[in-house]
Amino acid sequence: MYRVVAADLDGTLLRSDKTISEETIEELRRITEKGVFFIPSTGRTHRELPGVLRKLPFLRYALCCNGGAVYDYLEQRYLYEEVIPYDLALEVLEYTKTIPVYESVVVSGERICKGEDDGSICEYIRKRAVKDILFNFTGASDVKKAFAAKHSDSQKMLLYLDDRADRETVIRGLRERFPQLEISSSGPVFIEVNVKGVDKGKALIRFCRMQGIPAEESIAFGDAENDLTMLDAAGLAVVMENGTDEAKRHADMVCPSNDDDGVRIALQKLI
């Protein structure tokens, strides 16, 4: 029996237009009524889940920031956080000035990104960021200076690659310069940065332990590189038809695409 369902959002649970079908919502309601925990598992912060999900009466927890935090919506607090220390985050932001990226940094669920000091977001990020989370961005001409003013640790960073950048070269440089960080990618122009040891897989295992549930009794749905550890940690790994070839190599089964309600179809068969 499966008692935990962890699902990535973008490219997995959400359709390409960032919506979720009523049929999928009803399926999630059905499994929670059977006592199954449904946990969105995402690189987004807890503030950035689509409103339709945040308002679901049966949604209590979300695995956020690529595994850097688990948030409890009922008690409005983090069950735990794994953060990038303040001084290290400053070093990374200084380094990003030398590479072809547009930086953003998350503090307490809110994002500071490249932009203007009036809070407006730079056009490059506005075009490439997931549109339904832009409300949570505040622009700054100097992201490092704006972050330093917060004087707080960072939950994660998201770097947007310049069109002319080579993703693998940038990732390799970051990994060599900052071995104490976890560097992954969730798309062709996105690089995710967390403190070392943070990933969705470890967060899923930790959540299962909190609930007294063996990780073998969990299902993970994903589509991209930042989902691989979660797919490996779960009792059953399900990858979307639209997922990457690498993700599919970690799958126990492949379900229909996100645009074809693949999560719903798989859950109807599995639970």
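Overview of results
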{"item": "Candidates Glu81, Glu75, Glu123, Glu94, filtered to the one that is acidic (Asp, Glu) and within 19 Å of the chain's Cα centre (by Cα)", "result": "Glu81"}
{"item": "Residue list for the range 125-154, filter: outside any helix (DSSP H, G or I), buried (at least 20 other Cβ atoms within 10 Å of the Cβ) and modelled with pLDDT of 95 or more", "result": "Phe137, Gly139, Ala140, Ser154"}
{"item": "Matching strands (runs of 3 or more DSSP E) fully within the range 187-261 where at least 3 residues are out of contact with any Phe, Trp or Tyr (no Cβ under 6 Å at 6 or more places or on another chain) and more than 19 Å from Leu13 (Cα to Cα)", "result": "190-195"}
{"item": "Failed criterion for Ala129 (all others in (1) among the small types (Gly, Ala, Ser); (2) closer than 24 Å to Ile271 by Cβ; (3) within 14 Å of the chain's Cα centre (by Cα) hold)", "result": "(2)"}
{"item": "Qualifying residue in the range 37-48 (condition: touching a residue at least 60 places away in the same chain (Cβ under 8 Å) and farther than 30 Å from Phe147 by Cα)", "result": "yes"}
{"item": "Ile183 vs. criteria in the same structural domain as Leu236 (by TED's automatic domain parsing), surrounded by 14 or more Cβ atoms within 10 Å (Cβ to Cβ), without any contact (Cβ under 8 Å) to a residue 60 or more places away in the chain and not in a loop (DSSP other than H, G, I, E, B)", "result": "no"}
{"item": "Candidates Ala215, Ala203, Ala251, filtered to the one that is out of contact with any Pro (no Cβ under 7 Å at 6 or more places or on another chain), of a type in the set (A, V, I, L, M) and crowded, with 23+ Cβ neighbours inside 10 Å", "result": "Ala203"}
{"item": "Those residues of the range 86-124 which are of a type in the set (Gly, Ala, Ser) and either touching a residue at least 60 places away in the same chain (Cβ under 8 Å) or assigned to a strand (DSSP E or B) (or both), in sequence order", "result": "Ala89, Ser104, Gly109, Gly115"}
{"item": "Tabulated pairs, the range 224-253, first under 20 Å from Ile265 (Cα atoms), second aromatic (Phe, Trp, Tyr), C-beta under 6 angstrom, 6+ apart or interchain", "result": "Val238/Phe221"}
{"item": "Every residue from the range 1-22 that is part of a loop (DSSP other than H, G, I, E, B) and free of Cβ contacts under 8 Å to residues at least 40 places away in the same chain", "result": "Asp17, Thr19, Ile20"}
{"item": "Some residue of the range 222-231 being outside the structural domain of Pro40 (by TED's automatic domain parsing) and among the β-branched types (Val, Ile, Thr)", "result": "no"}
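The values are calculated or read from the model by the stated rules, or taken from the named source; none is laboratory data. If you're wondering where the values come from, they're calculated on a predicted model, not measured in any experiment. All Cβ positions, even for glycine, are placed from backbone atoms using ideal geometry, and neighbour counts span all protein chains on display.
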